[in-house]
Amino acid sequence: MVRHILDTPVEYLKGIGPSRAEMLRKEIEIRTFGDLLHYYPFRYVDRSKFYTVREIDSDAAWVQLKGRITAMQTAGSGKVSRLVMTFRDSSGETELVFFQGLKWIREKVQVGREYIVFGKPNLFQGKYNFTHPDIEPADEEIQVQQEPLQPYYSSSEKLKSRGFTPRNFVRIMRTLLSQVVQAIPETLSPQVMRQAKLISRAEALFNIHFPKDPLSLAKAQERIKFDELFFIQLQLLRLKYIRMEKVKSRSFVKIGEFFNAFYHNNLPFELTSAQKKVIREIRADLGSGKQMNRLLQGDVGSGKTLVALMSMLIALDNDCQACLMAPTEILAAQHYKTISRMLQGLPAEVALLTGSTRKAHRAELHARLQDGRLQILIGTHALIQEQVQFKNLGLVVIDEQHRFGVAQRARLWEKSAIPPHVLVMTATPIPRTLAMTLYGDLDVSVIDELPPGRKPVKTYHFYEKDRLKVFRFMKDQISQGRQVYVVYPIINESDKLELQDLMDGMDTVSRYFPLPEYQISIVHGQLKAAEKESEMKRFLEKKTQIMVATTVIEVGVDVPNASVMVIENAERFGLSQLHQLRGRVGRGADQSHCILMSSYKLTTDGRKRLETMVRTTDGFEIAEADLHLRGPGDLQGTQQSGLVGLKLASLVKDEKLLRLARELAYRTLDEDPRLESPENQPMVKHLQSSEFDWGKIS
């Protein structure tokens, strides 16, 4: 039974039918009237005016022509074949070129017949032509609309072959809106609409398809974007309210011997004011009786591990165990060494569990964990195995949490009868807009200071002509007892990419830094784990002065004595990756340097990335720049629409609207946490009917 007219299968709309409906489902996932209603135009065009061929003087604008096809021929063969038509009007002629859907275009177009052509001209060998323009018989053309803002819908060649041309989409949308516009339900409360100064949803959906002027279109876009952002925030904050109300955890009220002894005797350096602020926030969470669910952001080297350790010591003071899960064995081992060193002299039992842990040792760990003797367990995915059972797990810390799936994280807190507190950490600074959307149900703490004595890394951009100057600088640093990383984007030479490769680079570096005076480590992804570990260990123990590597060293190598990072073909890396690589140096008290080597062939984005790296070491400024350059989809490794259900709104361009949406979502839930009031029922119904998988977020 169809619950609402918008749930009606699209095949029942006049002009579609079952077979064309199947094509819509396969090509663009449109199944219902509602899906079609939310298939928005991707641009608006002026088709009220006709141009002549002679009037085309730019490839910047879309134009509409009326004339005859005087010739049609196929050029090339196989996959590179194309259909070329000669189009003539009273002023001259131009070519129309098609690379796809040639069969149905040949069947549709007749030489000698008059057509209306609409498209964007391209300048090719001094002449303008059109690639894949819209083409319709002039005698079949319904009266040309006079409005300057006409919707233009995306359509594939397969859809066009079944009659779904951009022009026909307009006709279909007019038919749809005539049937459904009176039945479009409101989704926001009157109060939220009033506070945000928004038009109704029905008016917005009509005007997004057929705006009468630019102001109508702007208001429609604002309303639809607000809805997309508001309901993400409302659902995330509602989940947070529910969790805080329902999910109780242990109340860690005691600050005892473990924490105090560490603070007074073992603290490696004085805490920064940012670390103190974050520890206060965590202490308040741990003592509240409600489950902590906090995201800790901090740049490489900002002291997140120290904050995490002090949080774990509060758990120990309250007779609970703690664990820390890292995404790789190298990183887990590094955490284990760091924490063991920091806890020296304190009666805290710490152990490491990874996939490489021997069976006999593993059995011993399991036993000590179950009877409570083992208080802090550090490891990889091995921690979530069924046989790993805690006596009293009170705090879970997850490092680089974006590398773990939701199910993997959930399995950790299932290991305790009372839900443990959760602290997730990331060294990848997350832009504010992305943090609000991806982690909107978490409380966020930020460490935005470096520990005392740490100097910001100086960054320089050099070209190939400067290589000898860079090598001389490396020699000078090595003579002062420092060590150097040289990072390459690929291991072996590529026919397709003009990039410096590690093997060729190793030869060059070896010639300029010969044995026995210089020793070089080499690390890349094709080495076995043991070989990688051995090479990294040689570098850590100062047996080698230079490490030639790929980006496998991005995470997990902590060498305070390394003061120079040289990144080859730096223009090929993303900003966040460049920032992570730069974070491998600057870990000691000495001044460190990052040298970005690039070719002269730089794209505009490539140049902007390198300029950003030279200008700032602020991870959050870099993350914001990365978001603007790459977009949120690329940053998270998935399409923006799939990530957070956005069709019109942009996390980059609509930050102001996102902040308003979050503020009004907060205000709504503060006044009505359960959304029980009559005026909030439209929002509840919309949340219940939404098919979006909210589990994708956070």
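The values are calculated or read from the model by the stated rules, or taken from the named source; none is laboratory data. Values in this document were obtained by computation on a predicted structure and should not be read as measured data. Positions of Cβ are backbone-derived with ideal geometry, glycine not excepted, and every protein chain shown enters the neighbour counts. Just the protein is used for accessible areas: all its heavy atoms, side chains included, with ligands, DNA and RNA removed. Shrake-Rupley method; radii C 1.70, N 1.55, O 1.52, S 1.80 Å.
Values as computed for the structure displayed
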quantity: Accessible area expressed per residue, the range 166-310, with surrounding protein chains retained (probe 1.4 Å, Å²); calculated: 41 Å²
quantity: [x] 25.8, 86; [y] 24.6, 79; [z] 30.9, 94, with the label sought being that of the calculated Rg and Dmax of the Cα atoms in Å; calculated: [z]
quantity: Peptide ranges 560-566, 683-689, 235-241 listed from the most packed, as the mean C-beta count within 10 angstrom indicates; calculated: 560-566, 235-241, 683-689
quantity: Glu663 - accessible surface, heavy atoms, 1.4 Å probe, Å² rounded to 10; calculated: 90 Å²
quantity: Directionally averaged shadow of the range 1-151, computed from the convex hull of its alpha-carbon atoms, nm²; calculated: 11.3 nm²
quantity: Protection-proxy order for peptides 579-590, 43-54, 113-124, each taking the mean of Cβ atoms within 10 Å per residue, highest first; calculated: 579-590, 113-124, 43-54
quantity: Gyration tensor (alpha-carbon) shape descriptor, the range 140-292, a/c threshold 1.5; calculated: prolate
quantity: Set of lysines with alpha-carbon distance to Lys248 below 23 Å, sequence-local pairs under 8 removed; calculated: Lys240, Lys290, Lys391, Lys415
quantity: Heavy atoms of Asp319: accessible area, 1.4 Å probe, square angstrom to 10; calculated: 120 Å²
quantity: Tensor-based shape of the range 309-428 (alpha-carbon gyration tensor, a/c under 1.5 rounded, otherwise prolate or oblate); calculated: rounded
quantity: DSSP-defined beta bridges in the chain - what % are antiparallel, rounded to 5; calculated: 35 percent
quantity: The range 198-239, relative contact order in percent, only Cα pairs under 8 angstrom and at least six apart counted; calculated: 41 percent
quantity: Subset of Lys532/Lys608; Lys49/Lys212; Lys26/Lys103 violating a 23 Å alpha-carbon distance limit; calculated: Lys532/Lys608
quantity: Heavy-atom accessible surface of the range 301-380: percent carbon and sulfur, 1.4 Å; calculated: 51 percent
quantity: Å² of accessible area per residue within the range 1-118, as computed with a 1.4 Å probe and no ligands counted; calculated: 57 Å²
quantity: Solvent-accessible area per residue, Å², over the range 348-391 with all protein chains present [probe radius 1.4 Å]; calculated: 49 Å²
quantity: The chain, relative contact order in percent, only Cα pairs under 8 angstrom and at least six apart counted; calculated: 12 percent
quantity: Exposure ranking of Arg607, Arg373 by accessible area [1.4 Å probe, largest first]; calculated: Arg373, Arg607
